[in-house]
Amino acid sequence: MPGVSADEEGEFPNFMTSGWRTDFSKHSAPLREISTGGPGKDGIRPIDEPVFAQASEPPPYMRDDEPVVSLELNGEARAYPLAILIGHEIVNDTIGGVPVTINYCPLCNSAIVFDRRLGGRVLDFGTTGNLRNSDLVMWDRQTESWWQQITGEAIVGELTGSRLTFIPVQLVSWGDFRDAYPDGLLLTRETGSLRDYDRPPYDGYDLLDSRPFLFRGAIDQRLGAVERVLTLDIGGEAVAYPFSVLAEHPVVNDTVGDQPVVVFYTGSTLTPFPDSDILGRVSGLGSEGYRREAERLLKETPPEEFMPSRPVGSAAAYDPRVDGRHLAFAARDGLIVDEQTGSVWNILGQAVSGPLTGTTLARVVHGNHFWFAWAAFHPETAVRTAADADLARP
């Protein structure tokens, strides 16, 4: 393994290099920006042999408002619960004949899916145990290159500069997925792990007023650090729609990078970070002290002390054009409708009643990230406000 030397400022990296075949002499990001998150190489174990249940016969632990990653490819649909992803962060899977990696960084609330094919070979991914801007740094088992999860770019090693292809997905409730894809599949807790998926880590994390865990950069003050935003990056234009705005304007017609888009929002999806009185006991601590003390208290807290999880909503983005016609959408009486035909649409972009029943809008790659994480990688992002709620009505 090539040695790791000090950078131009005389600083050494803040992570362990032993046990890696990675070529650390090749990197596109300063090594000093990468730091250990605690666990070592695959200390957070990915799921390589996912086991699924039929959506029509789900396990009894599934709640209708539980958050899942919804992925549909070539006629196959699968749901990946955040309650599982929060403990494994990566699932290597194949759906519709396409090898994919489903990954979730809980510190950034970034649920992303990539095509695992690159340069004629299929890559398998794991967790390095390291972070950059609090975001998961993955590694591939074929070259041991390191990848930034939120951008899909190889930042260290042989494949530095390579980029994975994003596959558009939605972060929605289990009930919305099940109703949209009754013949779909659900990732189960048969993971080979002894984890308690009913007791997720990072208790109340999205309520923090202090700095996010292990984040060392500057926080863009335009929004709260852990405010959820729907994010788009199209044609070099980056845009964020705060959930606080979408809650008041659940349908937004817009144009981003010359691409017409429509954003849908629903408020029923729960947070994957359930609350308990632990938050009140340690809220005065700094982020690192918070993490250590919260982990200790979580082990000692009986389940009955946990309060019900909070609804935080979910949002998705689509191309509003159908058969050459640019539709305008609106929220009416709690429903999403298009103004041209009056058809009713669900959060997954499907027309469920009206003249266009059976039509599905084309998905646009987007995220439901925490603001601080997206802004760290896309500081030029424009933040849409309530005044921008209908920017591009056809």
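No lab work stands behind these numbers, since they all come straight from the coordinates. Predicted model only: the values in this text are computed from it and were never measured. Methodologically, a virtual Cβ is constructed for each residue, glycine included, from the backbone with ideal geometry; neighbour enumeration extends over all protein chains shown.
Under 1.5 on a/c is rounded, so check that first for the stretch 91-244, then, if it is not, pick prolate when a/b is larger than b/c and oblate when it is not; a ≥ b ≥ c are the square roots of the alpha carbon gyration tensor eigenvalues.
Numbers: a/c = 1.37, a/b = 1.10, b/c = 1.25.
It comes out rounded by the Cα gyration axes.
Just check the stretch 72-133 against the gyration tensor rule for me: Cα atoms, a ≥ b ≥ c as the square roots of the eigenvalues, rounded for a/c under 1.5, and otherwise prolate or oblate depending on whether a/b exceeds b/c. Oblate shape, in that a/c is at least 1.5 and b/c is the bigger or equal ratio.
Over the stretch 188-275, the ratio between the Cα radius of gyration and 2.2 N^0.38 Å evaluates to 1.40. Ranked by the mean number of other Cβ atoms within 10 Å of their residues, highest first, the peptides 245-255, 141-151, 368-378 come out as 368-378, 141-151, 245-255.
With a Förster radius of 30 Å, plug the Cβ-Cβ distance of Asn74 and Ser18 into 1/(1 + (r/R0)^6) and report the FRET value to the nearest 0.05.
For Asn74 and Ser18, the calculated efficiency is 0.10.
What does the helix-only formula give at 222 nm for the chain: each DSSP H stretch with n ≥ 4 adding -39500 (n - 2.57), the total divided by the residues, and the result rounded to the nearest 500 deg cm²/dmol? Computed mean residue ellipticity for the chain: -3000 deg cm²/dmol.
With everything on Cα atoms, drop me the angle between helix 287-300 and the longest principal axis of the chain, reported from 0 to 90° to the nearest 10. Rounded to the nearest ten degrees, it is 80.
Model label points for Glu57 and Glu33, set 7 angstrom from Cα along the Cα-to-Cβ axis, are 4.9 nm apart. With no solvent and one point on each alpha carbon, what is the Debye value of log10 I(q)/I(0) for the stretch 123-199 at q = 0.18, 0.21 Å⁻¹? Debye output, listed in q order: -0.94, -1.01.
With contacts taken as Cα pairs under 8 Å and at least 6 residues apart, the chain reaches a relative contact order of 17 percent.
Taking 0.36 nm per residue of sequence separation and removing the Cα-Cα distance, the Val383/Ser353 pair yields an extension gain of 7.5 nm.
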